[in-house]
Structures are given as C-alpha cells and as structure tokens.
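> Below is a structure I'd like to ask you about.
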Amino acid sequence: AQSVTQPDIHITVSEGASLELRCNYSYGATPYLFWYVQSPGQGLQLLLKYFSGDTLVQGIKGFEAEFKRSQSSFNLRKPSVHWSDAAEYFCAVGATNDYKLSFGAGTTVTVRA
Amino acid sequence: DTEVTQTPKHLVMGMTNKKSLKCEQHMGHRAMYWYKQKAKKPPELMFVYSYEKLSINESVPSRFSPECPNSSLLNLHLHALQPEDSALYLCASSPTSARGEETQYFGPGTRLLVL
C-alpha cells in the first residue's frame, strides 16, 4: 500500500520569504500526487497535482511542486509567502489499484510579519 | 465550477438526538465521499459512494448512516453519537470512481460538536 511522510510538523516563515514543504511517498509504481491546503476551520483546497509528464507542476496561489522519482519526493514551493498562506498543508498519494487517498500527517505553516 | 457545498456549517447535538449532514455537488461527479477529520490530523475516509451505490464502508459505527438520494446529493444521518464523534466532517467528490488517479474536490465541512 502507498504511504506519505511529511517530515516537518510545523514551519514558521517570514512574509515575503520563500517556502518549501517536504513530502516523501512510498509506492512501487508511478504515484498520483496531490497537495491540498486547509485554512483554519475550512475544507481542503486542491493546490496542484501530478499524474505524469513534466515533473515541475504549477498550481494555484503561486505554488509549484517538483516530482523527483529518484528521491520519492514531491516537495511544494512558493517563492514569496503572503500572510494568507498560513494554513495546514497536506500531501496525498493515490494509486490505480486502490480507492483510498493516503494523506500525510500535514505541515502547519505560520507566517510572521 | 469545482464547488462542493455542505450544510450546516456548524452543528451541536446531544447524544440522543438525530441529525443529518448534507452535501451537494453539481459538477456531474459520480463518486462521493464522507471523511472525518480531528483537529491537527489528516482526513479519515468513512464512506464512498460510486454511481449512487455504497461501495466502501471503512468499518464505521452504525450510528453513522450514509445515504445518496441522487447523483448530486449525499447525506450523513447521525444518531446516538458519542462526544468522541465531535469533529469536522468533510464531503468530497471525484469525476467517475474512487480510484487513485481521480482528483477529489472537498467541501468546506460541517463542524460537529456532540454534548
């Protein structure tokens, strides 16, 4: 079965600084990878996804992620963080032979002025 | 339009009450999901409906009863809940079926408090 690890529980970043959130997955075949963001008390919003093709994926709100098969990683980046980016971020992996999305534990991002 | 709506936003109920959560999507999606999410945790899958039939029940207690009246609507009926059932309940949908390559779109959730 597939699984996801998000090594960083909490990251604090200054407004205007760059942000990188780590995601490592475990799956034998090509995974289907997703990043979701959840603002406090809200549902999950899809930021971006990777299925195949170009390994650098652009998403909404200025986010991008890079799929690196050799490192089993799908890290999320943003060049310049805004205060509104403070939220919980979840990486998830899906597999063709499984109905279930496997979520990482999440990374909480705090943005300081 | 990738919107999933959920009502109510907040719900407070006693352990003897019966209440229902409602989820609606008008994207033509044929798979719909219920998740439970505790604070600071990822969502946990509860039920999956595919083409209006219950296809997955993740060993959820019978005090939670899902219903899919039509392809756009998903309900979760609640009865005799326990305080530990207090959580954010999320609905999601995906285009055709519950498979890993399907993108799931989530609603804003219902915050449930059981007293």
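> What list of ³J(HN,Hα) values in whole Hz, one per residue of segment A:2-13 in order, does the Karplus curve 6.51 cos²θ - 1.76 cosθ + 1.60 (θ = phi - 60°) give from phi, with Gly and Pro shown as x?
Per residue, the Karplus-derived 3J(HN,Hα) values read 7, 8, 9, 10, 10, x, 9, 6, 9, 10, 10, 9 Hz.
> Also: Evaluate Rg over Rh across chain A, taking Cα atoms for both radii and Kirkwood's formula for Rh.
Numbers: Rg = 13.5 Å, Rh = 14.1 Å.
Result for chain A is an Rg/Rh of 0.96.
> At a 10 Å Cβ-Cβ cut-off, how would you order B:H79, B:H29, B:H10, fewest neighbours first?
Details: B:H79 15, B:H29 21, B:H10 10.
Exposure proxy ranking, most exposed first: B:H10, B:H79, B:H29.
> Straight-line reach from A:K78: which aspartates and glutamates fall under 17 Å, measuring Cα to Cα and dropping same-chain residues less than 8 apart?
Straight-distance partners of A:K78: A:D8, A:E15, A:E20, A:E64, A:E66, A:E88.
> Label segment B:1-70 by shape, choosing from rounded, prolate and oblate, from the square roots a ≥ b ≥ c of the eigenvalues of the Cα gyration tensor; if a/c is under 1.5 it is rounded, and otherwise prolate applies when a/b is larger than b/c, oblate when it is not. Mind dumping the intermediate values first?
Details: a/c = 1.45, a/b = 1.32, b/c = 1.10.
Judged from the Cα gyration tensor, segment B:1-70 comes out rounded (a/c under 1.5).
> What percent do you get for the relative contact order of chain B when only Cα pairs under 8 Å and 6+ apart count? Could you put the intermediate results ahead of the total?
Details: 298 pairs, mean separation 42.6, N = 115.
Here the relative contact order equals 37 percent.
> I would also like to ask the following. Report the number of Lys pairs in chain B whose alpha-carbons are under 17 Å apart, with separation of 8 or more residues or on distinct chains.
Lysine pairs meeting both conditions in chain B amount to 8.
> Separation between the A:W83 and B:R63 pseudo-spin-labels, each 7 Å from Cα along Cα→Cβ, expressed in nm?
4.1 nm
> How do B:S55, B:S94, B:S62 rank when sorted from fewest to most other Cβ atoms within 10 Å of their own Cβ?
Values: B:S55 13, B:S94 23, B:S62 8.
Starting with the residue having the fewest Cβ neighbours, the order is B:S62, B:S55, B:S94.
> A:S26 to B:Y51: FRET efficiency via 1/(1 + (r/R0)^6), r the Cβ-Cβ distance, R0 22 Å, to the nearest 0.05?
Numbers: r = 31 Å, r/R0 = 1.41.
E(calc), rounded to 0.05, equals 0.10.
> Short version: ³J(HN,Hα) in whole Hz for each residue of segment A:91-107, in order, from phi by Karplus 6.51 cos²θ - 1.76 cosθ + 1.60 (θ = phi - 60°), x for Gly and Pro, what are they?
9, 9, 10, x, 10, 4, 8, 9, 7, 9, 7, 9, 9, x, 6, x, 10
> Based on the alpha carbon coordinates of the protein assembly as shown, what radius of gyration and maximum Cα-Cα distance (Dmax) apply, in Å?
17.7, 54
> Within 10 Å of each residue's Cβ, count the other Cβ atoms and sort A:K68, B:K36 from fewest upward.
Details: A:K68 11, B:K36 20.
By the 10 Å Cβ count, ascending: A:K68, B:K36.
> Still on this structure, I have one more. Check cross-link reach from A:K61 to the aspartates and glutamates: straight Cα distance under 12 Å, and skip same-chain residues fewer than eight apart.
In chain and number order, the partners are A:D85.
> A further question on this structure: Can you figure out the FRET efficiency of B:A39 with B:T96, using R₀ = 25 Å and their beta-carbon distance, to the nearest 0.05?
Details: r = 32 Å, r/R0 = 1.29.
Result of the calculation: an efficiency of 0.20.
> How large is log10 I(q)/I(0) at q = 0.12, 0.15, 0.17, 0.21 Å⁻¹ when the Debye formula is applied to the Cα atoms of segment B:19-115, each weighted equally and without solvent?
After summing over all Cα pairs, the log10 values are -0.34, -0.53, -0.69, -1.05.
Every read-out reported here was derived from the displayed coordinates using simple, explicitly stated rules and does not represent laboratory data. Just so it is clear, the model here is predicted, and its values are computed rather than measured. When we count neighbours, we look across all protein chains shown, and the Cβ atoms used for this are built from the backbone with ideal geometry, even at glycine.
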